[in-house]
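First up is the structure itself, then whatever we jot down about it.
The values are calculated or read from the model by the stated rules, or taken from the named source; none is laboratory data. Note that the coordinates shown come from a computational prediction; the quantities given were computed from them, not determined experimentally. A quick note on method: Cβ atoms are made from the backbone with ideal geometry, for glycine too, and the neighbour counts reach across all protein chains shown.
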Amino acid sequence: MKVLLVNGSPHEAGCTFTALSEIASELEKNGVETEIFQLGTAPVRGCIACHGCSERTDGHCIFDDAVNAAADRLKTADALVIGTPVYFAGIAGQVKSFMDRLFYSAEGPMLRGKPAAAVMSCRRGGASSTFDQMNHYFTIREMPVVSSKYWNAVHGNTPDEVRQDLEGLQIMRTLARNMAWMLKNKEAGMAAGVELPELEPRIATNFIR
């Protein structure tokens with residue numbers, strides 16, 4: 001079992017990374033392999049609604065950047081955690097563009113049925129609205145959302161301050177244990193012959209006739 005953790009912060013070892021590292025450490029203790037994928041500082045283009053990805057079979061976007069690199073890693077991952085810094089009470093712009101394109105181009109087995117969780121890093125406020133925004137992506141792609149004992153946020157302006165947020169770090173560890181538990185239950189269920197629910201052909205209803 002493997003969990004892919006996406007660090008959406010431009011700072012490779014900043015506050016978001018500190019939160020994800022706490023999750024990764026606890027997952028490893030529970031026998032789950034982890035990989036932290038750094039989104040980096042290179043610009044991530046927004047979706048241009050060209051639908052070019054729908055003509056492909058590799059789950060890739062037409063723009064070959066971090067989105068496609070993450071999609072390739074998702075092929076062998078069993079779960080996904082995405083971490084973002086909070087900018088103006090919302091997802092950081094680069095992470096928003098990344099998620100828009102990833103969750104559109106990688107629709108299907110790369111995402112469906114894989115447990116997922118959002119993690120936010122903020123100095124003071126805006127975490128709950130960002131949390132809500134990020135969970136929209138998981139639910140529209142049939143990904144079970146893994147919960148913790150509170151909203152998945154850490155607080156602090158530096159990694160050292162985040163490490164002082166003892167409740168936040170506990171939330172990260174609880175999230176990791178719950179994700180490991182869900183993955184082990186899914187693995188046991190699949191081994192016992194319990195398959196993913198039947199997938200109906202998509203029905204799209206437009207409200208303007």
| request: Give Thr139, Thr174 a once-over and let me know the one that is among the hydroxyl-bearing types (Ser, Thr, Tyr) and surrounded by 17 or more Cβ atoms within 10 Å (Cβ to Cβ). | output: Thr174
| task | Starting from residues that are of a type in the set (A, V, I, L, M, F, W, C) and more than 14 Å from Tyr104 (Cβ to Cβ), keep the ones in the range 39-64 and report whichever is surrounded by the fewest Cβ atoms within 10 Å (Cβ to Cβ). | result | Ala42
| note | Checked Arg101, Arg123 against criteria (of a type in the set (D, E, K, R) and buried (at least 22 other Cβ atoms within 10 Å of the Cβ)); the one match is Arg101
| said: Residues to consider are Glu35, Glu22, Glu12; find the one that is exposed (fewer than 15 other Cβ atoms within 10 Å of the Cβ) and not in a loop (DSSP other than H, G, I, E, B). | reply: Glu35
| task | Answer yes or no as to whether Glu167 is of a type in the set (D, E, K, R) and more than 15 Å from the chain's Cα centre (by Cα). | result | yes
| note | Going through the range 127-136 in order, the residues found to be of a type outside the set (A, V, I, L, M, F, W, C) and either within 17 Å of Leu175 (Cβ to Cβ) or surrounded by fewer than 17 Cβ atoms within 10 Å (Cβ to Cβ) (or both) are Ser128, Ser129, Thr130, Asp132, Asn135, His136
| query | What single numbered condition from (1) surrounded by 12 or more Cβ atoms within 10 Å (Cβ to Cβ); (2) modelled with pLDDT of 95 or more; (3) hydrophobic (A, V, I, L, M, F, W, C); (4) not in a helix (DSSP H, G or I) fails to hold for Val194? | reply | (1)
| query | Restricting to the range 121-151, what's the tally of residues that are in contact (Cβ under 8 Å) with a residue 60 or more places away in the chain and under 13 Å from the mean Cα position of the chain (by Cα)? | reply | 2
